[in-house]
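Comments concern the structure below.
The values are calculated or read from the model by the stated rules, or taken from the named source; none is laboratory data. On a predicted model such as this, the values are computed, not experimentally measured, just so you know. Because the Cβ atoms are built from the backbone with ideal geometry, glycine has one as well, and the counts that use them run over all protein chains shown.
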Amino acid sequence: MLLAVAAISGPARAHAYLLSADPPPGASLLESPQTVQFSFSEEIDPRWSTFALYDAQGQLLRELNFITKEDGLDVAISLEPLPQGVYTIAWKVLSAIDGHITKGVYSFGVGASPSPGDLIETNAEALLRVLSRWVHYLALMVWGGALVFSQLAYEAFSVKALWWLWGLATLTTISELVLYIHSVGELSALVGTVAGIIFLVKLGGLTGAGVTALIKRRWGWLETLLSLGTVSLGAASSHSAALKDSLAIALDVAHLLAGTIWAGGLLAVGVLLRRRPEGVPWGVVLLRFSRWALLSVAIIVGSGIYLASRHIFTVSALWETGWGRWLVLKLVLLMAILLLAARNLRQARRPDDIDGVYRRVWGEFFGIIGVLGAAAALTLSPPPPIPPTILVHQAGEMRIALEIAPLRVGPARFVVRIRDDLGHPIPQVQRVILEFLYVENQELGALPVVAAEKSKGDFEVSGSYLSLVGRWQITVRVRQSDRAEDLTAPFVIQVSSRGL
């Protein structure tokens, strides 16, 4: 009788579960999808089913419109264009077959807009972009620093010379903008990307400074403030901005402004010492600038230590990565400059060796040019990757290690390594499933993902499964051929928006 009933009955269904999705769960997409397709195991009732979109901070963005197809198994969800980020669709559906509610989450990432750091493809392009960024930094900082020196210490430059510096800063900004448009390939990148908008704002600041100086026929405090504002915009497209760390961005601005005051002031002192005009109170001028230079150096060193700590997670990254090697070069040059600066600071109190001060000032200035070159390479080099987070669960004689790289919202790689007490792979493993559950809102449901076996005992899955900031539980389920039940290893983690 049991066999007869089984023969005439249809396939057993256990509520309406998500079978597949297009794009697949955890996908990292270059552009925002217009629709997302879900396929369920049972026909759903659209009247009692909902689909909601959340951002990476766990904020509800909107309830989503959807259409069920004729069979009721497939759902097409409409999406408005989404900016760069990681998103989660929380679904809750009512099965039209058994009347049960099921729920779960589906996550995906929308890729970043092209940035200067992403556009280096060949050595020639990389060299051109570094040189362009180098000259751009130098022109902006020398122009701004020269204006600051004129307001705080002494008018070392004529109005005509300041116009030349302004012209160089404007020209290099335009060249950077042209290179960016060429790299992206679309003129719309000027208003459609953060980098493009920053270039436009820089040009606006330069234009405003030039217009006001032309009207007044002199360079004053307004033009000086506009120049410093233009320089500080570099922090908006830096690695600190990518971290979305307010303190890091503020310190990056301070870093740029301090470097501007120091570099532009050194050029002004060097020009004055070369001309040696009569009536210059050298003792007052050198001492006044030395005080500002000392404050600038303190800010540069302090902010630099913090900013480096936000990008360097291991000491070996200093010589194993391009970003780290450029940082080391920058530090070596800075140390050499500081030795010259210390000697000049002592000499400023007794300006009896003007020739010695003259040589060391120009030595400092050319050293800063080298530092700016290393800084230009730094901004166009990817920072060292965040080291993987490794969690271990011991279950009897089995050791289950979960490696997450990186531990943050967005695309990540999850590797499960299963070993015995001696460190040998366990051959009886048939399947490994990773189940992602957002602990801070368990109403969203869990997302199970089958890991692919990469080698004996190693299973891997990649994607944007950690799509919300907060606490997550990743449960690793291991199915073995010699066990009736799956072995589970729960791991609870704290996920941030930008890593460590």
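Scan the stretch 315-343 residue by residue and report those that are within 18 Å of the chain's Cα centre (by Cα) and not aromatic (Phe, Trp, Tyr).
Residues satisfying the conditions are 317, 321, 322, 324, 327.
What number of residues within the stretch 143-173 are closer than 12 Å to residue 261 by Cβ and under 28 Å from the mean Cα position of the chain (by Cα)?
Count: 1.
This table checks each residue for (1) assigned to a strand (DSSP E or B); (2) under 30 Å from the mean Cα position of the chain (by Cα).
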position	(1), (2)
399	yes, no
402	yes, yes
414	yes, yes
436	yes, yes
441	no, yes
454	yes, yes
460	yes, yes
466	no, yes
477	yes, no
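Kindly evaluate residue 241 against the criterion of being crowded, with 22+ Cβ neighbours inside 10 Å, modelled with pLDDT under 90 and not assigned by TED's automatic domain parsing to the domain that holds residue 409. Please lay out each step first, then the result.
Working: crowded, with 22+ Cβ neighbours inside 10 Å: no; modelled with pLDDT under 90: yes; not assigned by TED's automatic domain parsing to the domain that holds residue 409: yes.
No.
Return the only residue of 287, 334 being among the hydrophobic types (A, V, I, L, M, F, W, C), within 23 Å of residue 140 (Cα to Cα) and modelled with pLDDT under 90. Explain how you work it out, then say what you get.
Working: 287 fails: within 23 Å of residue 140 (Cα to Cα).
None of the others qualify; the one that does is 334.
Identify the residue in the stretch 76-86 that is assigned to a strand (DSSP E or B) and at pLDDT 90 or above and, among all such residues, is surrounded by the fewest Cβ atoms within 10 Å (Cβ to Cβ). Before you say what the answer is, go through the steps one by one.
Step one: filter the stretch 76-86 for residues assigned to a strand (DSSP E or B), giving 76-78, 85-86.
Right, trim to at pLDDT 90 or above and you get 76-78.
On the way: 76: 15, 77: 20, 78: 13.
Here the answer is 78.
Tell me, please, whether a residue that is part of a helix (DSSP H, G or I), touching a Lys or Arg at 6+ places or on another chain (Cβ under 9 Å), touching a residue at least 40 places away in the same chain (Cβ under 8 Å) and over 25 Å from residue 251 (Cβ atoms) can be found in the stretch 287-297. Break it down into steps so the answer makes sense when it comes.
Pass one, the stretch 287-297, residues part of a helix (DSSP H, G or I): 287-297.
Now drop any that are not touching a Lys or Arg at 6+ places or on another chain (Cβ under 9 Å), which leaves 287, 290.
Subsequent filtering for residues that are touching a residue at least 40 places away in the same chain (Cβ under 8 Å) retains 287, 290.
If we keep only those that are over 25 Å from residue 251 (Cβ atoms) as well, we get 287.
Within the stretch 287-297 (the criterion being part of a helix (DSSP H, G or I), touching a Lys or Arg at 6+ places or on another chain (Cβ under 9 Å), touching a residue at least 40 places away in the same chain (Cβ under 8 Å) and over 25 Å from residue 251 (Cβ atoms)), the answer is yes, since at least one residue qualifies.
Report whether or not residue 284 is surrounded by fewer than 21 Cβ atoms within 10 Å (Cβ to Cβ) and part of a loop (DSSP other than H, G, I, E, B).
Values: surrounded by fewer than 21 Cβ atoms within 10 Å (Cβ to Cβ): yes; part of a loop (DSSP other than H, G, I, E, B): no.
Against the criterion (surrounded by fewer than 21 Cβ atoms within 10 Å (Cβ to Cβ) and part of a loop (DSSP other than H, G, I, E, B)), residue 284 does not qualify.
If we keep just the residues of the stretch 346-387 that are assigned to a loop (DSSP other than H, G, I, E, B) and more than 24 Å from residue 326 (Cβ to Cβ), which is modelled with the highest pLDDT? Outline the logic, then answer.
Residues of the stretch 346-387 that are assigned to a loop (DSSP other than H, G, I, E, B), as a first pass: 349-353, 380-387.
Next, only the ones that are more than 24 Å from residue 326 (Cβ to Cβ) stay: 349-353.
Values: 349: 59, 350: 60, 351: 56, 352: 62, 353: 65.
Top of the filtered list is 353.
Any idea how many residues of the stretch 416-434 are part of a strand (DSSP E or B) and either β-branched (Val, Ile, Thr) or within 28 Å of residue 468 (Cα to Cα) (or both)?
Let us first name the residues in the stretch 416-434 that are part of a strand (DSSP E or B), namely 416-419, 425, 429-434.
Filter once more, so that each one left must be either β-branched (Val, Ile, Thr) or within 28 Å of residue 468 (Cα to Cα) (or both): 416-418, 429, 431-434.
The number of residues fulfilling the criteria is 8.
Counting residues that are at pLDDT below 95 and buried (at least 21 other Cβ atoms within 10 Å of the Cβ), which helices (runs of 4 or more DSSP H) fully inside the stretch 129-228 reach at least 2?
Numbers: elements: 159-184, 189-192, 194-216.
Those helices (runs of 4 or more DSSP H) span 159-184, 194-216.
Can you pull out every residue in the stretch 244-275 that is charged (D, E, K, R) and buried (at least 21 other Cβ atoms within 10 Å of the Cβ)?
Listed by number, the list holds a single entry, 252.
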